[in-house]
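The values are calculated or read from the model by the stated rules, or taken from the named source; none is laboratory data. All of these numbers come straight from a predicted model, not from anything done at the bench. Reconstructed Cβ throughout: ideal geometry from the backbone, glycine too, with neighbour counts over all protein chains shown. Calculation scope for accessible area: heavy atoms of the full protein, side chains included, ligands and nucleic acids excluded. Shrake-Rupley method; radii C 1.70, N 1.55, O 1.52, S 1.80 Å.
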Amino acid sequence: MNSKVSRRLTEGTAPEVTEHIYAPRLAKDFPAVFGPLNDVNQAHLLMLLHAGLMPPEPAAQLARALARIEDEGMAAVPLDPSIEDAYFNYEAHLMAVAGSHVGGYLHMARSRNDILATTDRLRARELALSLVEALCTVRDAALAGATKHCRTVMPGYTHLQPAQPITYGFYLAAMAEALTRDIERVQQVERLIDRCPLGAGALAGTSFAIDREETAQLLGFGGVLPNALDAVGSRDFALELLAAMAICAVGWSRFAQDYFVWCTSEFGLIDFPDRVAGTSSIMPQKKNPVVLEYLKGKGGHLVGLLGASLATIKGTNFSHTGDASREGMRSVWEAGEECLRCLALFDLVVRSATPNAEAMSQRVRRDFSTATDLADLLVRRSGLSFRESHHVVGAVVREAMDRALGADEVGLDMLNRAAQDQLGRTLALSDAEVRQSLDPVASVESRRVRGGPAPVRVQERVAELERLSADDRRRNQARRDTSTEARERLKQSIRTLAFNQPAAPSVIQDRAAFIED
């Protein structure tokens, strides 16, 4: 008896199907699912034994075979795409190691459908935890820079035009806020992932008296999915994870675009070390921002992967199908690899970017980004409405630009000329007041409202985010520890069954609480 042989089909698989579907799928999937398949098979075996559905001796034989397969590694498993996918190849090897009768015992009370759904969730859980770790690393880099540069004044931009003075630290603090939301999205998805489909069978459960709660705990899940059809038919958890990655990619792409502009000779606000740049094959003067271009390009790539998965799953029936459960998941794993790679590069960018403080200061002192502060002064000291003040200051800026003057060259005489022209009167202000209102350092210091760029406010928020980051890391490590410890108990239980090693502590510690959760 072989794995995957049925009297239902009277013809062998067409070579085109093997070549174009099974072979590439098997080559890509088997390395990724070998570990999760070991875990799922071992957990299912222990549950069958404890539920009285498998005699002790075949169970011990299977435990020895599974332990041997895991120890020898995936390289020892012969892969044959003619018998289809990763599971059937694994089962064929198990039957060769344990014997066809005993090896075939293990598929009792389950289906490839719930096995695949379970391995998908195991992989997605690991990906989510890794994403949180990577995002926390980038956020910590941004927070460190925010503290260091909370007084490094620079222009803030809207529409890529000078807007109002900020600091580079304030910009990095904004980056940390965006990363915090990225982390929250992945954490929310990870909690949705943390439910086990195993035991759902093909779509309708099983008539065998299995214990789904035990297999869930053996695999480190926090509970079971209550509906068998939903358990095998749903991949929305993966779409949510993919959407979280795509949103994250949109964010890093926008930050990369800012750096891309700021590091040009025309702006000259940011420098990068040579180790994160490239050069030209023909133009010796070039220093190209290759990492920023990579991040921006991959941002579009991840958005495309999300669209591909949504479109693939959209037209499928709500059940297990190859297009939904297999092809629809392709983009998730590719996106995960790309996202982790890009987050490492994003961290490099944040840590290595050096603000050109002198260029920033010169630019912000001359570019009229303090014009709003001058308008605010007229409202406070001269009794003008803001709209009247806006017109007066606009006229000042127009005259200064016509005369090629910078903001640091504007004085009371120019302001009074504009006021006389716009309002028919001059203003009772001093030249010192006008020049103080146009000082970008004073502008930043004055904006102490919650969320403003004043250094004291930036430092307060950075401290809050640093505490949150430490908590996020602790929580993420605790969730990883839960799955790691469950896996260690699983391995010990299998070795105990296989080789009569000392028994591990009971896995099921509080079934009532587990089921309630």
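With every protein chain left in place and a probe of 1.4 Å, what is the accessible surface of ILE83, to the nearest 10 Å²?
40
Considering only C-alpha atoms, what is the centroid distance from segment 141-203 to segment 273-290, in Å?
Comparing the Cα centres of segment 141-203 and segment 273-290, I get a distance of 29 Å.
If you place +1 on the Cβ of every Lys and Arg, -1 on the Cβ of every Asp and Glu, and leave all else neutral, what size is the dipole of the chain about its Cα centre, to the nearest 20 Debye?
440
Can you return the aspartates and glutamates within cross-link range of LYS491? Criterion is Cα-Cα under 13 Å, with same-chain partners fewer than 8 residues away left out.
Candidates past the 8-residue exclusion: ASP39, GLU70, ASP71.
How much area per residue is accessible in segment 168-275 when the probe is 1.4 Å and only protein heavy atoms are counted (Å²)?
Result: 37 Å² of accessible area for each residue.
Within straight cross-link reach of LYS286, meaning Cα distance under 12 Å, which aspartates and glutamates are found once same-chain residues fewer than 8 apart are removed?
Reachable aspartates and glutamates: ASP274.
Tell me which residues come under 5 Å, amide H to amide H, from ILE270 once H is placed; ignore anything under 5 positions away on its chain.
CYS263, ASN356
Please give the solvent-accessible surface of ARG487 in Å², to the nearest 10, using a probe radius of 1.4 Å with every protein chain present.
Approximately 100 Å² of ARG487 is accessible to the 1.4 Å probe.
Roughly speaking, what is the centre-to-centre gap between segment 336-363 and segment 42-82 when only Cα atoms are used, to the nearest Å?
Each part reduced to its Cα centre gives a spacing of 48 Å.
Going by amide H atoms built from the backbone, whose H comes under 5 Å of the H on CYS196, apart from near neighbours?
Amide H neighbours of CYS196: GLY223, VAL224, LEU225.
So what are the three principal axis dimensions of the chain from its Cα atoms, in whole Å, longest to shortest?
101, 56, 41
Sum up the charges of everything whose Cβ sits under 10 Å from the Cβ of THR18, counting Lys and Arg as +1 and Asp and Glu as -1, but leave THR18 out.
Neighbour charge sum, excluding THR18 itself: -4.
Ignoring ligands, DNA and RNA, what percent of the accessible area of the chain is carbon or sulfur (1.4 Å)?
Heavy-atom surface of the chain belonging to carbon and sulfur, 1.4 Å probe: 53 percent.
What accessible surface, in Å², does a 1.4 Å probe find on THR137, ignoring ligands, DNA and RNA and rounding to the nearest 10?
Solvent-accessible area, nearest 10 Å²: 60 Å².
Count the net charge of all other residues whose Cβ sits under 13 Å from the Cβ of ARG185, scoring Lys and Arg as +1 and Asp and Glu as -1.
-3
Kindly rank 352-364, 266-278 from highest to lowest mean number of other beta carbons found within 10 Å of each residue.
352-364, 266-278
Under 14 Å from the Cβ of ASP439, count the other residues' Cβ atoms, weight Lys and Arg +1, Asp and Glu -1, and hand me the total.
Charge balance near ASP439 sits at -3.
Of the peptides 128-135, 462-469, how do they stack up when ordered by the mean number of other Cβ atoms within 10 Å, highest first?
Peptide ranking by packing, descending: 128-135, 462-469.
Under the rule of at least 5 residues apart or a separate chain, name every residue whose amide H is placed under 5 Å from the amide H of GLY156.
Those qualifying (amide H under 5 Å, at least 5 residues apart or on another chain) are ALA163, GLN164, ILE166.
Can you give the helix-only mean residue ellipticity at 222 nm for the chain, where every DSSP H stretch with n ≥ 4 adds -39500 (n - 2.57) and the sum goes over all residues, rounded to the nearest 500 deg cm²/dmol?
Taken over the chain, the calculation gives -21500 deg cm²/dmol.
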